[in-house]
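Working notes, structure below.
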Amino acid sequence: MLVGWVALSLLVGLVHVMVLTLLVGMVRVVALSTLVVFCRM
């Protein structure tokens with residue numbers, strides 16, 4: 001039972017890290033694109 005809980009918490013942690021990295025990547029892409037658009041104006 002304890003092993004199952006540990007595996008579940010590890011999976012949840014991995015999902016959280018993946019979601020955070022995806023969000024950071026999206027924010028970086030949006031910021032870069034807006035910078036490029038402003039530089040071209």
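Any read-out appearing in this document is the output of simple, stated calculations on the displayed coordinates, not a laboratory observation. What you see is a predicted model; the values in this text were computed from it and never measured. No Cβ is skipped: glycine too gets one built from the backbone with ideal geometry, and neighbour counts run over all protein chains shown.
Sort Leu11, Leu2 so the one with the fewest other Cβ atoms within 10 Å of its own Cβ comes first. Final ranking by Cβ density, sparse to dense: Leu2, Leu11. Taking 0.36 nm per residue of sequence separation and removing the Cα-Cα distance, the Leu20/Leu2 pair yields an extension gain of 3.8 nm.
For the chain, taking Cα atoms only, Rg and Dmax work out to 17.9, 61 Å respectively.
Kindly express, to the nearest 10 degrees and within the range 0 to 90, the angle between helix 2-40's C-alpha long axis and the longest C-alpha principal axis of the chain. Value to nearest ten degrees: 0.
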